[in-house]
Amino acid sequence: MKTTFLSRIPHCQSGAGKFAFASALSKSLLVSAAMMFGLSTAHAADYPNKPVTLIVPFAPGGSTDILGRLVADELRSRLGQSVVVDNRSGANGNIGTALAAKAAPDGYTLLMANAGTNVINPSLYDNLNWDPIKDFTPLAMVARVDNVVVVSPSIKADSLKEFAELARAKPNSINYGSVGVGSIFHLAGEIFSQSAGIEMTHVAYRGANPALTDTIADNIQVMFATIPGALPFIQAGRLKAIAVTGQERSSLFPDLPTAVEEGYPEVVIDNWFAVLGPAGLQDDVKEKLLQALGSMVQDPEFQEKLKAQGAEPGKVMDKELEQLMVADIARWKEVVTKANISIE
């Protein structure tokens, strides 16, 4: 026979007895609820009392990893607790992103997000097991980064226009690399190819570093890469930079023209990087993270560290970041549809 909770209540003969028992029970439940709420509040006030994990959904060495480690270092001092970078690469950032989406909303697992994964992938994959808006709590955009076009030193071209002429003379003889099919770097190559009227062969890699290494080795000839990821190789003379893809020239390469200056107005492509938490992040925990991230982004020393990597501070937070993500999802969906790119 099914037993309910009420069947366990001792029988009371009188109406007064029933009322007294019900009153005592109500008080007991209120005390229990208050204790639970008190524990929850104490937990939030104590945050963080153990190491925080920052998931980077790409391999070590790329821009997401470089900026993620910089953010982790800065957050350590502001939160008073260790922040550990956890590289979970694969599937164009989807593996690590899904892991972060499914994490407990307690602030101990955060995601180093980027535009490529979080606003482009939703238009590329039909069966994503995470939603870019519903599954995350937007916290702060920490950096904006322009891309740079780099070629193997063996390529006989010193400008984007010269490179286009070289590629046009030998259709499909030029290979360009990216961190995955449908990544922002893949789409950059597609947009440039359409704009320049050339045909190149796309080669997908699991991360930026392997692709850059293969460009150095001339296994692929060109790559659209973020400045932080490519900068050490450019400075060492192992890669040749021929253009940047921002609206303006980079302060790190003042003599390097933009793609727009070279005659390709459609090739304006930058990337942003942001820290997100899982959906349902507790309000007190969210507030602590917003304060720490806001302080970090406004810190002149942090801004100088970003500029040394070819990045600018993001300064977009909370609901404003969510609005930007929604707008970017719509913009990149149009690009993906025009390029006719899809991933099963």
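The values are calculated or read from the model by the stated rules, or taken from the named source; none is laboratory data. Quick caveat, the model's predicted, so the values are computed rather than measured. Here the Cβ positions follow ideal geometry from the backbone for every residue, glycine too, while neighbour counts run over all protein chains shown. Calculation scope for accessible area: heavy atoms of the full protein, side chains included, ligands and nucleic acids excluded. Shrake-Rupley method; radii C 1.70, N 1.55, O 1.52, S 1.80 Å.
Do the conditions hold for Val268, that is, is it closer than 15 Å to Val149 by Cα and buried (at least 23 other Cβ atoms within 10 Å of the Cβ)?
So Val268 fails the test.
Looking for whichever is aromatic (Phe, Trp, Tyr) and more than 24 Å from Phe192 (Cα to Cα) here; the options are Phe302, Phe253. Which one fits?
Of Phe302, Phe253, the one residue that is aromatic (Phe, Trp, Tyr) and more than 24 Å from Phe192 (Cα to Cα) is Phe302.
Residues that are open to solvent by less than 30 Å² (accessible area, probe 1.4 Å), closer than 30 Å to Ala279 by Cα and out of contact with any Asp or Glu (no Cβ under 8 Å at 6 or more places or on another chain), at least 2 per element: which helices (runs of 4 or more DSSP H) completely within segment 95-200 meet that?
121-124, 184-196
Which residues, taken from segment 76-91, are part of a helix (DSSP H, G or I) and either touching a helix residue (DSSP H, G or I) at 6+ places or on another chain (Cβ under 6 Å) or basic (Lys, Arg) (or both)?
Scanning segment 76-91 gives Arg76, Arg78, Leu79.
Pull up segment 280-303, narrow it to residues that are within 19 Å of Thr137 (Cα to Cα) and among the charged types (D, E, K, R), then point me to the one that is surrounded by the fewest Cβ atoms within 10 Å (Cβ to Cβ).
Asp283
Pairs needed: first member in segment 121-132, under 9 Å from Asn94 (Cα atoms) and modelled with pLDDT of 90 or more; second member anywhere, open to solvent by less than 40 Å² (accessible area, probe 1.4 Å) and in a loop (DSSP other than H, G, I, E, B); C-beta distance under 8 Å; at least 6 residues apart or different chains.
Every condition considered, the pairs that remain are Asn121/Pro132; Asn121/Gly182.
Within segment 133-172, track down each residue that is free of Cβ contacts under 8 Å to residues at least 60 places away in the same chain and touching a Ser or Thr at 6+ places or on another chain (Cβ under 8 Å).
Ala167, Asn172
Considering segment 321-344 alone, what residues qualify as being open to solvent by 100 Å² or more (accessible area, probe 1.4 Å) and either in a helix (DSSP H, G or I) or in contact (Cβ under 8 Å) with a residue 60 or more places away in the chain (or both)?
Correct list: Gln323, Arg331, Lys333, Glu334, Lys338, Glu344.
Residues Ser63, Ser77: which one is under 27 Å from Lys305 (Cβ atoms) and under 13 Å from the mean Cα position of the chain (by Cα)?
Ser63
Condition check: within 20 Å of the chain's Cα centre (by Cα), buried (at least 19 other Cβ atoms within 10 Å of the Cβ) and of a type in the set (A, V, I, L, M, F, W, C). Does Leu306 satisfy that?
yes
For Pro210, are the conditions met, namely being assigned to a helix (DSSP H, G or I), surrounded by 18 or more Cβ atoms within 10 Å (Cβ to Cβ) and touching a residue at least 60 places away in the same chain (Cβ under 8 Å)?
Considered against the rule, which asks whether it is assigned to a helix (DSSP H, G or I), surrounded by 18 or more Cβ atoms within 10 Å (Cβ to Cβ) and touching a residue at least 60 places away in the same chain (Cβ under 8 Å), Pro210 comes out as no.
Step by step: first the residues of segment 54-63, then only those that are farther than 14 Å from Leu231 by Cα and either among the polar types (S, T, N, Q) or in a loop (DSSP other than H, G, I, E, B) (or both), then the one that is most open to solvent (accessible area, probe 1.4 Å). Which residue is that?
Top of the filtered list is Pro60.
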